[in-house]
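The values are calculated or read from the model by the stated rules, or taken from the named source; none is laboratory data. Treat the numbers as computed from the prediction; the structure is a model and nothing was measured. Don't worry about glycine lacking a Cβ; one is built from the backbone with ideal geometry, like all the others, and counts go over all protein chains shown. Heads up: the accessible areas ignore ligands, DNA and RNA and are worked out on the full protein's heavy atoms, side chains in. Shrake-Rupley method; radii C 1.70, N 1.55, O 1.52, S 1.80 Å.
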Amino acid sequence: SRFSPPIPTMKIRILIAALLAALAVAAGLQAQPAADTTPLGAEMQKISKSWKKVNTQVKDSAQNAATLAELAIVKASMEAALKFEPARKADTPAAEQAKFVADYQAKMKEEIAKVDQVIALVKAGKNADATALVTTIDQDQKDAHKAFKNQKKKAN
């Protein structure tokens, strides 16, 4: 007959629905933190998620309200992170552990002060200056992770 059912279209719709369902499941699995995440790691994940948004938005003064909201999350998580000790402390000689934790806390406080500066710059509409400071904080984060975070072993 002239009007046969649109089987190819139906197969495509089923395929697309299955693909979307698989992507949704994969995204859900990826969003779950690892079972062995420490409280400090959980705070750092929150910081990372919001900081990525800050990085993309800070240049655009039209997004200042959203940027300030993300910066508030970053600051709150950084302040919460001060209450925890890096797992790397356990790998530090016992005689140096107190200094290691004190250095970590001092660095966190220094970075919180820089986040406060970014907040003030964004509130003042000085997005170019805020962007420059965000770049500095990005480098600080890389340096601090080398100093305080357990480094992942590279596979051979």
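Shown is the FRET efficiency for residue 52 and residue 80, computed with R0 = 22 Å from the Cβ-Cβ distance and rounded to the nearest 0.05: 0.75.
In straight-distance terms, cross-link reach from residue 53 covers every one of the aspartates and glutamates whose alpha-carbon lies under 14 Å from its own, apart from those fewer than eight places away in the same chain; here that gives 70, 138. Of the cross-linked pairs 52/99; 83/146; 49/75; 46/146; 49/99, those separated by over 22 Å at the C-alpha level are 52/99; 49/99. Using heavy atoms of the protein chains and a probe of 1.4 Å, the accessible area assigned to residue 88 is about 70 Å². In a fully extended conformation the segment linking residue 97 and residue 61 would gain 8.6 nm over its present Cα-Cα distance, using 0.36 nm per residue. In this structure residue 48 has an accessible area near 50 Å², from a 1.4 Å probe over the protein heavy atoms.
Stretching the chain fully between residue 123 and residue 68 yields a gain of 19.0 nm (0.36 nm per residue, less the alpha carbon separation). Remark on the stretch 83-139: hydrodynamic radius 13.0 angstrom, per the Kirkwood mean of 1/r across alpha carbon pairs.
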